[in-house]
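Chemist: Below: one structure in structure tokens.
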Amino acid sequence: MTVKFAVTKTLLAGVLATLVLAAPAQSAVSGSDKETIEAISQHFAGVPSMMGEFVQFGPNGEQSGGKFFLQRPGRIRFDYAKPSPIQVKADGRTVGIHNKKLDTWDFFPLSKTPLRLLLAERINVNDEAIKSVKREADLTTVVLSDRSIFGSSKITLMFDPESFELRQWTITDDQGKDTSVMIFNVQTNVKLSQKLFRLNQRSANRNIDPTR
């Protein structure tokens, strides 16, 4: 594995792998756990678009953050705040990682990245990626792992136990290192401009009104 590919894989996992998973198979959970997954699924099915802010904590204590925009199916954008030069976008078919400082792009098929699990409209209660569900008074935690997508990595999603809104997620990579992302100031069911998700230099380098 090249250094460039390893960095890109970590970035995609740490920033993008979250919110909704949907791949048909047999799940290890049952009973009340399935009821919880179904409730979370119904919540996200009713939230086809959202925007807000995020903070990311790396495995060595590094911290970054910025703004995100999401529209199902298949579209997402993460704008990292300065001094980070990184911007991540998906236009429905392709994922682009833009380094604004170096003026470079890396592109990947959406179907080959965690985004293909991210942007489904529902969670399938029979998804074999669902490994465990834990319900506590202040948090509902869902652990997922899909070797065909993430190798031996796992994703821990943390939800509000009453509203089922996503609060945070943690990615544990192949080496056991954690990257956590918290989202806040989230607005749901917002009208988002399709220009946000275009993979071209012009849209990447200029300010865009999210609603136009």
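What follows draws every value from the coordinates through simple rules; no lab data is involved. The structure displayed is predicted, hence computed values, not measured ones. Counting neighbours? That spans all protein chains shown, and the Cβs are built from the backbone with ideal geometry, glycine included.
Chemist: Step through the residues of the range 172-183 one at a time and calculate ³J(HN,Hα) from phi using the Karplus curve (6.51 cos²θ - 1.76 cosθ + 1.60, θ = phi - 60°), rounding each to whole Hz and writing x for Gly and Pro.
Modeler: Per residue, the Karplus-derived 3J(HN,Hα) values read 9, 7, 4, 9, x, 8, 9, 10, 10, 10, 10, 10 Hz.
Chemist: Starting with the highest mean, order 172-184, 71-83 by the number of other Cβ atoms within 10 Å, averaged over the residues of each peptide.
Modeler: Working: 172-184: 15.9, 71-83: 18.0.
Most protected by this proxy first, the peptides run 71-83, 172-184.
Chemist: Take the residue pairs 67/154; 100/134; 100/191; 89/154; 34/100 and return only those whose Cα atoms are more than 32 Å apart.
Modeler: Details: 67/154 24 Å; 100/134 40 Å; 100/191 26 Å; 89/154 23 Å; 34/100 43 Å.
Cα-Cα > 32 Å for 100/134; 34/100; rest within.
Chemist: Oh, and also: If we restrict to alpha carbons, what Rg and Dmax does the range 135-184 come to, in Å?
Modeler: Computed over the Cα atoms of the range 135-184, radius of gyration and Dmax are 11.7, 34 Å.
Chemist: Can you list residues whose amide H is under 5 Å from residue 165's amide H, if they're 5+ apart or on another chain and H is modeled 1.01 Å from N?
Modeler: Residues meeting the amide H criterion: 160.
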